[in-house]
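Notes follow once the structure below has been shown.
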């Protein structure tokens, strides 16, 4: 049986089912596939966003003008997910069709769904702009979710972002959109989408290919605690592990008890706010007329003195994604964008290339039968090994990966009322 299982055709059937279960990951790009050999799970690795220089007038280079190449690091952590079956589960498997039915469409689909869930959880809130159904602050004319979808696509295109635009949303959110169609807007059938995403495809809208993703989050709009002054920040802080934080201004807390500088309330991940004057930059670091949205990445605690947000680069250079005239740091009062207490389904609109999905090849297990298969740049390791203590054979499938939004100027979020 072990020799049968190691057949690469069987492993490819398993991998095909795994990939079909993660359309969010399928719409991605590997940025350093040729550098993955020898990389280890659990480790964090870096790659860079390229600079585009500074454009100035005249023939003379001014004294003090920075001529260095300014590169921004993007860090990705490698993880591993797997599942295993013993020989007794596979005893009745005799051909490709039965393997697909018994193993590929169950074990493979489950492993793919778990990889997608993890990738969404860790990347979906890394965007630079938001578009909100019915918002009084952004997209003020919106009475239906179709308009924010349209604005998100237009916003990405206006940032000189090339590449194919793709959107991901929960089936319930898509259903709500269809019921409340505005001006006869709708998703149109897409042969290319059906070929690439299969049953997961929704269709095309305003030049974007939309796909179902069951693990897209819901977010409840933040309710400001009236015992505290408006949330105000004093600057941006970048940790050694590449995370970005806005520091809470020390004069913020006004309650009689507690430590000055505390947030004073829980702010849930996915909530977003703007700070007046800060704008989204385009693909070469030039400011646009779109407000930059600061998006909370992890739940805060009442005692936190900083709020984790997505990548925010205000430094001069091609990787800059946030700009305010005269500002060299991020400071000011937060203007929360979601309606207080309202539940939203979050949809993501981005380019395919915005998401980096990196596969690390796994070493062979000594004394086992090992094979590695690859489809469309996504790699799976299959290992068959015997347990001498129980005299059983086990087959395991592993996928070692890292997922990261490379450049959040190529991603927007759309908040649709649930």
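Readers should treat all values here as calculations from the given coordinates under stated rules, not as data from a laboratory. Given the structure is predicted, the values throughout are model-derived calculations rather than measurements. So basically every Cβ, Gly included, is an ideal-geometry build from the backbone, and we count neighbours across all protein chains shown.
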Inter-label distance for residue 46 and residue 80, nm, one decimal - labels placed 7 Å from Cα along Cα-to-Cβ:
2.6 nm
On full extension of the chain, what length is gained from residue 106 through residue 164, given 0.36 nm per residue of separation minus the C-alpha to C-alpha distance?
17.8 nm
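Exposure proxy check: 396, 160 ranked by fewest other beta carbons within 10 Å? Could the numbers behind the result be given before it?
Details: 396 15, 160 12.
Ascending number of Cβ neighbours within 10 Å: 160, 396.
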Give, in nm to one decimal, the length gained when the segment between residue 73 and residue 226 is fully stretched (0.36 nm per residue of separation minus the Cα-Cα distance).
51.2 nm
Counting other beta carbons within 10 Å of each Cβ, put 185, 146 in order, fewest first.
185, 146
Exposure proxy check on 22, 286, 169: fewest-to-most Cβ neighbours within 10 Å is 286, 169, 22
Suppose the chain between residue 335 and residue 95 were pulled fully straight at 0.36 nm per residue; how much longer would it get relative to their current alpha carbon spacing?
80.4 nm
In nm, spacing of pseudo-spin labels at residue 184 and residue 241 (7 Å Cα→C-beta vector)
5.3 nm
FRET efficiency estimate (nearest 0.05) - Cβ-Cβ, residue 8 to residue 315, R0 56 angstrom
0.70
R0 = 35 Å: FRET efficiency of residue 327 with residue 121, Cβ-based, nearest 0.05?
0.65
